[in-house]
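Peer 1: Got a structure for you, written out below as C-alpha cells; questions coming shortly.
The values are calculated or read from the model by the stated rules, or taken from the named source; none is laboratory data. Here the structure is a predicted model, which means the values were calculated and not measured. Because the Cβ atoms are built from the backbone with ideal geometry, glycine has one as well, and the counts that use them run over all protein chains shown.
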Amino acid sequence: MSSKVNIKDIVYGHLGTLSKVDGGWSWLDFITFCVVPVALSTASAIVGFSLNKDVSSLLVNFGAIFTALLLSVLVLVYDQESKLDDKNQRDKELQRPVDAFYTAKKKLLDELYYNISFSILSSLVLIATCFAFSMADSFVDPKATSASVSAILSKLVFTPITVFITVNLLLTIVMIVKRLHSLLRPK
C-alpha cells in the first residue's frame, strides 16, 4: 500500500490513546470503544434492524458534516500545540518558570490529534459503507430473488458494520469534546 494512503499510524495512535493516565492499558476504555459497538451491532442483526435508504442518507450527511467540522478542530489543535510550544520556548529563553503542565498538555494535544484524525477516517468509512449499501442492489444477480439477497446483505452485512462505525464514531466524538473541554476551559 502506498505510504500516502496508509492509515495504520492513525489507527494505532488512536488505539494507544485508550489508556489510563499513567499509560497502562484501560479495559474500561476497551469495553467502551470496542465491545459496546460490537454488542450493539450484533444486537441490531439479532433484532433484525435493517438499514434503509433514508437512514443511509442521514448517516452520509452526518459523516460529511462531522468530517468538515473535525478538520477545523484539527487545525485548532495544531494551533494550540504551536502556541504551547512557543510559550514554553519563550519561558525557557527568558528563564521564567516553565508551565508545570506542559508535558500533560502536550500529551493531551497529541492524543486529540489521533482521536480527531481517527474520527475523520471513521466518518469517511461510514460514508463509503453507506455508498456500498446504496450500490448493493445493482450487484445482485437478476435471476436471484433480489429482495431476499438485498435484505440479507442489508441485515447481516451493512447494518452491523454501519451500527459499529456509528456507535464508535459517536463515542470518539464525545471523548474529543471532553478532552477539548479539559484543555480549553478557563482556569
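Peer 1: Quick one: N88 ticks every box in (1) under 30 Å from V157 (Cβ atoms); (2) touching a Phe, Trp or Tyr at 6+ places or on another chain (Cβ under 6 Å) except a single one, so which number is it?
Peer 2: The one condition N88 does not meet is (1).
Peer 1: Is one or more of the residues making up the range 36-46 part of a helix (DSSP H, G or I) and either exposed (fewer than 11 other Cβ atoms within 10 Å of the Cβ) or at positive phi (or both)? Even if it seems obvious, please write down each step before you answer.
Peer 2: Of all residues in the range 36-46, those part of a helix (DSSP H, G or I) come to 36-46.
In the following step, the residues that additionally are either exposed (fewer than 11 other Cβ atoms within 10 Å of the Cβ) or at positive phi (or both) were identified as 46.
Yes: the range 36-46 contains one or more residues that are part of a helix (DSSP H, G or I) and either exposed (fewer than 11 other Cβ atoms within 10 Å of the Cβ) or at positive phi (or both).
Peer 1: Collect the residues in the range 97-150 that are at pLDDT below 90, more than 24 Å from V163 (Cβ to Cβ), hydrophobic (A, V, I, L, M, F, W, C) and touching a helix residue (DSSP H, G or I) at 6+ places or on another chain (Cβ under 8 Å), keeping them in residue-number order.
Peer 2: V98
Peer 1: How many residues does the range 60-110 contain that are touching a residue at least 24 places away in the same chain (Cβ under 8 Å) and of a type in the set (V, I, T)?
Peer 2: Residues in the range 60-110 being touching a residue at least 24 places away in the same chain (Cβ under 8 Å) and of a type in the set (V, I, T): 4 in total.
Peer 1: Could I ask something else about it? Hey, can you tell me all the residues within the range 7-21 that are of a type outside the set (K, R) and either under 14 Å from N115 (Cβ atoms) or modelled with pLDDT of 90 or more (or both)? Give the steps one after another, and end with the answer.
Peer 2: At the first step, the residues of the range 7-21 found to be of a type outside the set (K, R) are 7, 9-19, 21.
Listed by number, the residues that qualify are I7, D9, I10, V11, Y12, G13, H14, L15, G16, T17, L18, S19.
Peer 1: Same structure, new question: Of all residues being modelled with pLDDT under 90 and buried (at least 17 other Cβ atoms within 10 Å of the Cβ) in the range 50-79, which is nearest to the chain's Cα centre (by Cα)? Just the residue, please.
Peer 2: L51
Peer 1: Which condition from (1) assigned to a helix (DSSP H, G or I); (2) closer than 25 Å to S182 by Cβ; (3) not β-branched (V, I, T) is the one that R96 breaks?
Peer 2: (1)
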